[in-house]
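Structure, as structure tokens:
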Amino acid sequence: MTFNAALDSISTYEAGKPIELVVREFGIKEDEIIKLASNENPLGASPKALQSIIKNAPNIYLYPDDSMFALKGSLSQHFQVSTNEIIIGAGSDQIIEFCIHAKANENSKILMAKTTFAMYEIYSKAVGAKVIRTPGEIHNLAEFLEYYNTYHPSIIFLCVPNNPLGDCLDRVDIYKFLKQIDEDTLVIIDGAYQEYAKAKDNDKSIDPKELIKSFPNAIYLGTFSKAYGLGGMRIGYGIAEKSIIKALSKLRPPFNVTTLSLLAALEALKDQEHIQKSLQNNLEQMPYFEAFAKEQGFDYIPSYTNFITYLLKEIDSTQISDFLLQRGVIIRNLSSYGLNAIRITIGTKEQNQKFFALFHHFLSQR
């Protein structure tokens, strides 16, 4: 059977290993496994979100409210934008896909950083668009501007903060850059980790209302998968000028987000106390990872997210990742990005202590 030729150039996205796989492969009890690979909230979801799921579970035989009235209304209040400036997706990934299908084709070029979220490239290649990457490992707006002027892309991706490295551009610099971009170029500001960036340094914070008012060619993407602890519910959102949302909505399939996901996100958004606890845990625990790297002589990228990236030299990233995996600690090996590096989600104090202890054990055996 033949398939779309564009698929020949696409590599399958490599997700973080699930807990179930470690149980099957190594016989480790589920409650003894620590997952620090996919940047999930180690404190879990809001208790209010969990209660809402339990309460409404008997209604899963009914289709969800396809207008998503309640959640859009809550996001509207939270960000002070209108409901027709919001689109809801099955994760912010789905909205990335909408953007590319709405704006790009086989004649288009799409600009992104050398190392950034893998799905940008996968969705771009799926429509036959040419992917253009800046040469530097982390986001550099001078490089972006140079490549923009050279290639005239239809879409620009700025991951703020950047996954999988953790670097983050300043808001002022982003706005200066956007002023130099033609209004027919769609600029996607991926804010999946914005809650963490804002908590650490307000200069990194992007206000969606201010963004789309100043730059009608920009769209802000947010998610409930990270700080809000709803990765398993698959729900995200986009905020943009009305005409962009109208175009993207033509691509949204009916009932693309489940009833329970909508209700969980609604309650999670209300529970800002849980969010603050989650952000505080991240701020308190991150310095231990920085100190560990300095102690061991590892290079690391200062992070504005809920993870940290160690750039390894004398240690092989696959070797340490496999060592930890066999002992019930799952981290993300970045060899699939062409890097000898590992990405570690910031867990609870107890989870992090186990990671450090096992890493010390690994180093002692070398």
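A few notes on this one:
- Of all residues in the range 319-329, none satisfies being under 21 Å from residue 45 (Cβ atoms) and open to solvent by less than 30 Å² (accessible area, probe 1.4 Å).
- Close pairs from the range 24-35: first outside the structural domain of residue 324 (by the TED database), partner in a helix (DSSP H, G or I) and open to solvent by 60 Å² or more (accessible area, probe 1.4 Å), Cβ under 7 Å, at least 6 apart: none
- Check on residue 67, in a loop (DSSP other than H, G, I, E, B) and in the same structural domain as residue 236 (by the TED database): yes
- The residues on offer are 268, 247, 264, 240, and the sole one that is small (Gly, Ala, Ser) and under 30 Å from residue 353 (Cα atoms) is 268.
- Within the range 268-283, residues that are under 13 Å from residue 47 (Cβ atoms) have Cβ atoms under 7 Å from residues that are open to solvent by 90 Å² or more (accessible area, probe 1.4 Å) in these pairs: 270/48; 271/48, counting only partners at least 6 apart in sequence or on another chain.
- Every condition in (1) touching a residue at least 40 places away in the same chain (Cβ under 8 Å); (2) open to solvent by 20 Å² or more (accessible area, probe 1.4 Å) holds for residue 75 except the one numbered (2).
- Inspection of the range 83-92 identifies at least one residue that is at pLDDT 95 or above, crowded, with 21+ Cβ neighbours inside 10 Å and within 30 Å of residue 143 (Cα to Cα).
To keep it simple, each residue is scored yes or no on (1) assigned by the TED database to the domain that holds residue 165; (2) open to solvent by 10 Å² or more (accessible area, probe 1.4 Å); (3) closer than 17 Å to residue 306 by Cβ.
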{"residue": "187", "(1), (2), (3)": "yes, no, no"}
{"residue": "197", "(1), (2), (3)": "yes, no, yes"}
{"residue": "204", "(1), (2), (3)": "yes, yes, yes"}
{"residue": "219", "(1), (2), (3)": "yes, no, no"}
{"residue": "227", "(1), (2), (3)": "yes, no, yes"}
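- Residues in the range 284-302 that are closer than 17 Å to residue 315 by Cα, open to solvent by 50 Å² or more (accessible area, probe 1.4 Å) and of a type outside the set (Gly, Ala, Ser): 294, 295, 296, 299, 300.
- Checklist (1) farther than 22 Å from residue 38 by Cα; (2) more than 21 Å from the chain's Cα centre (by Cα) applied to residue 252, failing item: (2)
- Inter-residue pairs, beta-carbon under 9 Å, first on the phi > 0 side of the Ramachandran plot and in the range 287-308, second open to solvent by 50 Å² or more (accessible area, probe 1.4 Å), 6+ apart: 297/313; 297/314
- Qualifying residue in the range 270-282 (condition: closer than 30 Å to residue 137 by Cα, assigned by the TED database to the domain that holds residue 21 and open to solvent by 30 Å² or more (accessible area, probe 1.4 Å)): yes
- For the range 233-252, the set of residues classified as within 30 Å of residue 61 (Cβ to Cβ) and either modelled with pLDDT under 95 or open to solvent by 50 Å² or more (accessible area, probe 1.4 Å) (or both) consists of 234, 249, 250, 251, 252, listed by residue number.
- The listed residues are 49, 45, and the only one of them that is small (Gly, Ala, Ser), more than 18 Å from residue 119 (Cα to Cα), modelled with pLDDT of 95 or more and assigned to a helix (DSSP H, G or I) turns out to be 49.
- Scanning the range 92-103 for residues that are closer than 19 Å to residue 189 by Cα, free of Cβ contacts under 8 Å to residues at least 24 places away in the same chain and outside the structural domain of residue 329 (by the TED database) turns up nothing.
- Looking at 244, 174, 219, 212, just one residue is within 18 Å of the chain's Cα centre (by Cα) and β-branched (Val, Ile, Thr), and that residue is 219.
- Residue match in the range 172-180 (condition: crowded, with 23+ Cβ neighbours inside 10 Å and not aliphatic (A, V, I, L, M)): no
- When every residue of the range 114-121 is checked against the conditions, at least one turns out to be assigned to a loop (DSSP other than H, G, I, E, B), open to solvent by 10 Å² or more (accessible area, probe 1.4 Å) and within 28 Å of residue 230 (Cβ to Cβ).
- Applying a threshold of 8 Å to beta carbon distances and a minimum spacing of six or more residues, or different chains, the list of pairs starting in the range 190-214 at a residue that is over 23 Å from residue 245 (Cα atoms) and ending at one that is among the β-branched types (Val, Ile, Thr) and outside any helix (DSSP H, G or I) reads 196/305; 197/160; 197/305; 204/160.
The values are calculated or read from the model by the stated rules, or taken from the named source; none is laboratory data. All values reported here derive from a predicted model rather than from experimental measurement. As a convention, Cβ positions derive from the backbone with ideal geometry for all residues, glycine included, and neighbour counts pool all protein chains shown. These area figures cover heavy atoms from the full protein model, side chains too; ligands, DNA and RNA do not enter into them. Shrake-Rupley method; radii C 1.70, N 1.55, O 1.52, S 1.80 Å.
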